[in-house]
Amino acid sequence: MLRPQEFILTLSCPDAKGIVYTVSGLLYQAGCNIIDSQQYGDLTGEDATGLFFMRVHFQAPPHLADVATLDTLFAHARQQHRMDARFHATAVRPRVLLMVSQHGHCLNDLLFRWRSGQLAVDIPAIVSNHPDFAPLAASYDIPFHHLPLKNGKDAAAKRAQEQQVEALIERERIDLVVLARYMQILSPEFCERLKGRAINIHHSFLPSFKGAKPYYQAHARGVKLIGATAHYVTADLDEGPIIEQDVERVDHSHSAEDFTAVGRDIECMVLARAVRWHVEHRVLMNGHKCVVFK
């Protein structure tokens, strides 16, 4: 059980000597106890960014036990190392908005994990462009917001609906938006507003088998691997920084319905991992990719 005075420090900066020494020294001098520390330098390969990443889980003494006070400790280190450093109190549960259309497997899975204590978040609202899952939301005592889109290709109507979602995000102080099979293409404006705090899930066949019934298309082509990808949302459709992926083998003995069932199971697992790692502050952005400290 995490104690109220525990914090997570996440940071990224240009790689250089002495960063770990600086961070651990500042925490030690302040009377903090490091529980766990992970670091990674992206230094090799043609696409290396030259950045250093670190996640530190620590306990702070009572006189330092708030984010604002801890921030002051790192003022000089931020300048010295050009560091993006952020403190997160583990006692503060991230507030998550779930969005869904007409496939409810990921929504149902996340709600079960939340109710059973496997996902340490608060879920103040569920949004859908269809009414189908209002009873499911009611069974968990979560407000359900039906925001219909009669014509998803009408840019003005789509933007008006998104602005309703934005107002809800602001009103409910949402930290993370999860597209739990929300089957609408988000506008560039909405994607920019949600940058780094919206996660999507889709099958891993892309760019193959686009459109309706991708698992049926895969079955018709004799696919041998089914997978899912969870990634951050960007204006580039389904091409945001990848957080997690997984695959499972299938063969000729599986029907198209079997393919769909296997695919939905993988989607649930992959999305749940991505959401949990995000809310535990294990995911750091590294350009067009992610560093994930598991």
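The values are calculated or read from the model by the stated rules, or taken from the named source; none is laboratory data. Treat the numbers as computed from the prediction; the structure is a model and nothing was measured. When we count neighbours, we look across all protein chains shown, and the Cβ atoms used for this are built from the backbone with ideal geometry, even at glycine.
Only a single item in (1) of a type outside the set (S, T, N, Q); (2) surrounded by 15 or more Cβ atoms within 10 Å (Cβ to Cβ); (3) under 30 Å from residue 57 (Cβ atoms) is not met by residue 226, and it is number (3).
Note on the stretch 55-85: residues that are of a type outside the set (S, T, N, Q) and either in the same structural domain as residue 165 (by TED's automatic domain parsing) or farther than 28 Å from residue 286 by Cβ (or both) total 6.
One residue stands out in the stretch 194-234 among those that are of a type in the set (Ser, Thr, Tyr) and at pLDDT below 90: the one that is nearest to residue 292 (Cα to Cα), namely 204. Checking each residue in the stretch 56-109 for being free of Cβ contacts under 8 Å to residues at least 40 places away in the same chain and hydroxyl-bearing (Ser, Thr, Tyr) picks out 69, 72. Of all residues in the stretch 150-171, those that are closer than 20 Å to residue 95 by Cβ and without any contact (Cβ under 8 Å) to a residue 40 or more places away in the chain have Cβ atoms under 8 Å from Cβ atoms of residues that are surrounded by 10 or more Cβ atoms within 10 Å (Cβ to Cβ) and of a type in the set (Gly, Ala, Ser), 6 or more apart or on another chain, in 162/187. Taken as a whole, the condition of being in the same structural domain as residue 123 (by TED's automatic domain parsing) and out of contact with any His (no Cβ under 9 Å at 6 or more places or on another chain) applies to residue 279.
Any chance the stretch 121-129 includes a residue that's touching a residue at least 60 places away in the same chain (Cβ under 8 Å) and under 18 Å from the mean Cα position of the chain (by Cα)? Yes, the stretch 121-129 contains a residue that is touching a residue at least 60 places away in the same chain (Cβ under 8 Å) and under 18 Å from the mean Cα position of the chain (by Cα).
Between 238, 258, the distinction of being at positive phi and of a type outside the set (Gly, Ala, Ser) belongs to 238 only.
Among the residues examined, residue 52 qualifies as in contact with an Asp or Glu (Cβ under 6 Å, 6 or more places away or on another chain) and outside the structural domain of residue 165 (by TED's automatic domain parsing). Counting only strands (runs of 3 or more DSSP E) that sit wholly inside the stretch 1-117, those with at least 3 residues that are out of contact with any Phe, Trp or Tyr (no Cβ under 7 Å at 6 or more places or on another chain) and under 30 Å from residue 141 (Cβ atoms) are 95-100.
For the stretch 183-201, how many residues are crowded, with 20+ Cβ neighbours inside 10 Å and either farther than 26 Å from residue 277 by Cα or touching a residue at least 40 places away in the same chain (Cβ under 8 Å) (or both)? Give the derivation first.
The initial filter retains those residues of the stretch 183-201 that are crowded, with 20+ Cβ neighbours inside 10 Å, namely 186, 190, 194, 198-201.
Next cut, either farther than 26 Å from residue 277 by Cα or touching a residue at least 40 places away in the same chain (Cβ under 8 Å) (or both) only: 186, 199-201.
The qualifying residues number 4.
Evaluated against (1) within 16 Å of the chain's Cα centre (by Cα); (2) more than 21 Å from residue 245 (Cα to Cα); (3) part of a strand (DSSP E or B), residue 169 falls short on exactly one condition, (3). For the stretch 55-72, state whether one or more residues are surrounded by 18 or more Cβ atoms within 10 Å (Cβ to Cβ) and within 29 Å of residue 202 (Cα to Cα). Yes - at least one qualifying residue is present in the stretch 55-72.
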